[in-house]
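Q: Mind looking over this structure? Questions follow.
Bear in mind that the values in this text are calculations on the coordinates, not laboratory data. The model shown is predicted, which means the values in this text are computed figures rather than measured ones. Virtual Cβ from ideal backbone geometry, glycine too; neighbours counted across all protein chains shown.
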Amino acid sequence: MNARLDVIKTCKLFIGGAFPRTESGRSRPILDGDDRVIAHACVASRKDLRNAVEAARKAAPAWLNASAYLRGQILYRMAEMLEGRRDEFANAIATTTDATPAKARKEVEQSVDRLVRFAGWSDKFQQILGCQNPVNGPYYNFTVPQPTGITGVLAPSTPSLLALVTLIAGPLCAGCTVVAVASEDTPLPAVLLSEICATSDVPAGTVNILTGQRAELIEPMASHREIAAINGANLTPSQRTGIQSAAADNLKRVHLAKHTEDQWEDDELVASPWNIEPFVESKTIWHPSAT
Amino acid sequence: MKPITTESHEHDPPADAGWDYSPAPERTPVPIDESYGLFIDGSMRAPLSRKRFETINPATEDVLSSIADAGAKDVDAAVQAAKKAQGPWARLKASERAKYLYRIARRIQERSRELAVLETMDGGKPIKESRDVDLPLTAQHFFYHAGWADKLAYAFPGRTPKPIGVCGQIIPWNFPLMMAAWKLAPALACGNTCVLKPAETTSLTALKLAEILQEVDLPPGVVNIVTGAGATGAALAEHPDVRKVAFTGSTEVGKVLARSVAGTSKKLTLELGGKSPNIIFADAAIDQAVEGVVSSIWFNQGHVCCAGSRLFVEESVVDEVVDKLRHRMQSLRVGDPLDKNTDIGAINSAEQLKTIERYVDAGEHEGAIMHEFSGQALPDKGYWHRPCFFTGVQPSHVIAREEIFGPVLSVMTFRTPEEAISRANNTPYGLAAGVWTNTGSKVFEIARKLDAGVVWCNTYNTFDAASPFGGFKESGFGREGGRHGLQSYVKF
């Protein structure tokens, strides 16, 4: 009788820096390649989404007022923590998706590198997106990017980690707080990413991650009055229409991309200042110049 | 570029001093046709709809001309003309495209007095403003964007901009020709073609612009102008061959448009309403700040999307500010828009006048105290509203929350910078904001914390073709002007 019973991890939501269960009391199994249950993921409800938005709102002032340098260091810290847990992440991806161990490992490494790339952008994109304007008069006039506000992220099924990291990092870099809905089919990497956020000096509520059903969470996200922007990828045409239509109620900035798996690897396509720009508002400031 | 002079008026006599200005009417004659067609594919055409409406001078209620009311078939003809013209226009050597825009800018400058007078006649704004603000900015907008046409590759680091296609552009009645320039100039510079729909009460300067486009030999179809009301605009926005919709107007209509393009691949930019805060700190230069309030709320009869219609004054100086504002308000000249001394012209339409009156009634009904201009008698005919401001306004009052789009100001007070910021930002809008203080560090901290696309520090209502303009939150998205404005008219 020396067989040991596995201790199965309880996968929870990540809201306001804490790991609550869904208020709905629902969960669904996460299966490995042999269809064995290795864990259960929460199926978040619209109430959980609202709680996450509330946490994101509370966290917003501190994150937007943090210096760009500090935001960069925190993103870099996320990369460091992810690097340290590469094997665990690769194993989670390989176990719960079709990816080979080598491909899973590559995705994790790319996710680390993606965070490093955005860490670097955090105090540089302002100089690319902002400018001084030569107005016809005695004024000093300049345009600066400012964070749009709480951003809802809708991650595609695959690549479950790299796409989620990419979609979160752009708004974070911009100074927005985030409520993310993880890959519906393979939520385990997202659950682990919550733990990275919790241990990387990311202030509580700055990143909130929900697991659950995309179809159920899209509508409350798109129509939530406190969400200012949406960053989503690989949605169906009817989902796109639904999001754009509901988003009109408070004129959310909606950024919906469509990428193949290979394209998620392309830094120029998914990790340039133009992936931060949808989550900033350009503010133009005038001041007279006189003695 | 200041709409109203910033000189001190401290020694101006009150309007009841017993003497008055002599009339100083602008007399430049402007030929106006009895009726106008639609500008489609380079020529003026009678509307297929066979429908027409009259445009009037809101200062006299005289009919100025008969305007075509474009129906869906007319809009389709305009869009088809634009579609046909788009390829050749985009393929034209960019530096040659630029030269057309330079030509337009020059012809606008050459014909600026005539256009200013027409703008004032059709819209009611003081000639001083159409002459010194609208027309110079209109010309500048074409001149500025002309130069971008062959330099677009430098505007978007790491990306290759391409034209979008046919742009459907719907503009408001408060700055008719200037809004046409804000829409057309960047679109054309980026290689798009346009179908422009002016507001129904102010079509004339757009139709005059069509003459200029003919004069400069702009290729047919590159710009098409369809006049009409909301139905014409809806037909344009919903046309399947329109690749980009640009709208300036109310937030309500902006949301309808956002829903109507949902699920399509159309690009959309919206420049919508506002309830912009203007904040005066105790350490401001109070006389200048009061002049800034005049510019912020009474410029163009308050028909300004970025009007500073909520004034927040630090409690310790509110009596001084209100006294000076009341005195300054009495020195305004209200009346004939064509008189060169007029500060406040006619309200743009009977409908808008009713809206303003309804809000003023609501303000009084909710218990705020109205302070009203009591100078010259208003003309018997036409649509007029005395400039006014309210004190004793609570944040919950309708006049403190909703856009009035008239010469009506709500004055409120605050005690701390934090309170000023939180009250200023407590609105679904985010178009503009003003801050008045002589403390440099405070200027930048307050400017940073205000949720607004334009923040005027120790100034208000200044505009420039090189300066991006547009809103946060429900004041819309996209920018007009400057390098940022180009992004509304390219795809990657």
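Q: Report Rg (one decimal) and Dmax (nearest whole number) for the stretch B:49-161, counting Cα atoms only, units Å.
A: Cα-based Rg and Dmax for the stretch B:49-161 come out at 18.5, 55 Å.
Q: Okay, next question. Calculate the FRET efficiency for residue A:199 and residue A:236 from the Cβ-Cβ distance with a Förster distance of 35 Å, rounded to the nearest 0.05.
A: Approximately 0.50, to the nearest 0.05.
Q: Next question. Peptide A:130-137: average number of partner chain Cβ atoms within 10 Å per residue?
A: Mean shielding by partner chains, rounded to a whole number: 6.
Q: Please work out the FRET efficiency for the pair residue B:35 and residue B:378, using the Cβ-Cβ distance as r and a Förster radius of 41 Å; give the result to the nearest 0.05.
A: 0.85
Q: Hey, what did chain B get for relative contact order, percent, Cα under 8 Å, at least 6 apart?
A: Here the relative contact order equals 19 percent.
Q: Something else now. Order by neighbour count: B:178, A:221, fewest other Cβ atoms within 10 Å first, most last.
A: B:178, A:221
Q: Pairs of alpha-carbon atoms within less than 8 angstrom and 6+ residues apart define the contacts here; what relative contact order does the stretch B:277-457 have, in percent?
A: Value for the stretch B:277-457: 30 percent.
Q: Less than 13 Å Cβ to Cβ from residue B:158, Lys/Arg counted +1 and Asp/Glu -1: what total charge do the surrounding residues give?
A: -2
Q: Per-residue mean of other chain beta-carbon atoms within 10 angstrom of the beta-carbon, peptide A:143-151?
A: 3
Q: So what's the net charge close to residue A:81: Lys and Arg +1, Asp and Glu -1, counting the other residues with Cβ under 13 Å from its Cβ?
A: So the environment of residue A:81 carries a net charge of -2.
Q: What's the ranking of A:90-98, B:51-59 by average number of surrounding C-beta atoms within 10 Å, highest first?
A: By packing density, highest mean first, the sequence is A:90-98, B:51-59.
Q: I would also like to ask the following. Kindly flag which residue pairs out of B:125/B:162; A:12/A:258; B:128/B:275; B:183/B:255; B:51/B:255; B:381/B:473 have an alpha-carbon separation exceeding 31 Å in this structure.
A: B:125/B:162; B:381/B:473
Q: Take every DSSP beta bridge with both residues inside the protein assembly as shown and express the antiparallel ones as a percent of the total, to the nearest 5.
A: The antiparallel fraction comes to roughly 40 percent.
Q: Right, something else. For the stretch A:27-288, what does the convex hull of the Cα positions come to per residue, in cubic angstrom?
A: Cα convex hull per residue, to the nearest whole number: 124 Å³.
Q: Does the protein assembly as shown come out rounded, prolate or oblate, given a ≥ b ≥ c as the square roots of the eigenvalues of its C-alpha gyration tensor, rounded meaning a/c under 1.5 and, failing that, prolate meaning a/b above b/c?
A: prolate
Q: Still on this model: Please work out whether the stretch A:68-133 counts as rounded, prolate or oblate from its C-alpha gyration tensor, where a ≥ b ≥ c are the square roots of the eigenvalues and a/c under 1.5 means rounded, while otherwise a/b larger than b/c means prolate and anything else oblate?
A: Prolate, since a/c reaches 1.5 and a/b exceeds b/c.
Q: Give, rounded to the nearest 20 debye, the magnitude of the charge dipole that the protein assembly as shown has about its Cα centre when Lys and Arg contribute +1 at Cβ and Asp and Glu contribute -1 at Cβ.
A: Once rounded to the nearest 20, the dipole reads 2000 debye.
Q: For peptide B:253-260, compute the average count of partner chain beta-carbon atoms within 10 Å of each residue's beta-carbon.
A: Rounded to a whole number, the mean comes out at 3.
Q: With 10 angstrom as the radius, rank A:42, A:173, A:131 by how many other C-beta atoms surround their C-beta, starting from the fewest.
A: Neighbour counts put them in this order, fewest first: A:131, A:42, A:173.
Q: Say the cut-off is 26 Å between C-alpha atoms; which of B:324/B:449; B:73/B:244; A:252/B:267 go over it?
A: B:324/B:449, as the Cα separations exceed 26 Å there.
Q: Further, regarding this structure: Fewest Cβ neighbours within 10 Å first, please rank B:272, A:70 accordingly.
A: The most exposed by this proxy come first: A:70, B:272.
Q: Would you tally the net charge around residue A:102, using a Cβ to Cβ cut-off of less than 15 Å, leaving residue A:102 out, and scoring K and R as +1, D and E as -1?
A: Around residue A:102, the surrounding residues sum to -2.
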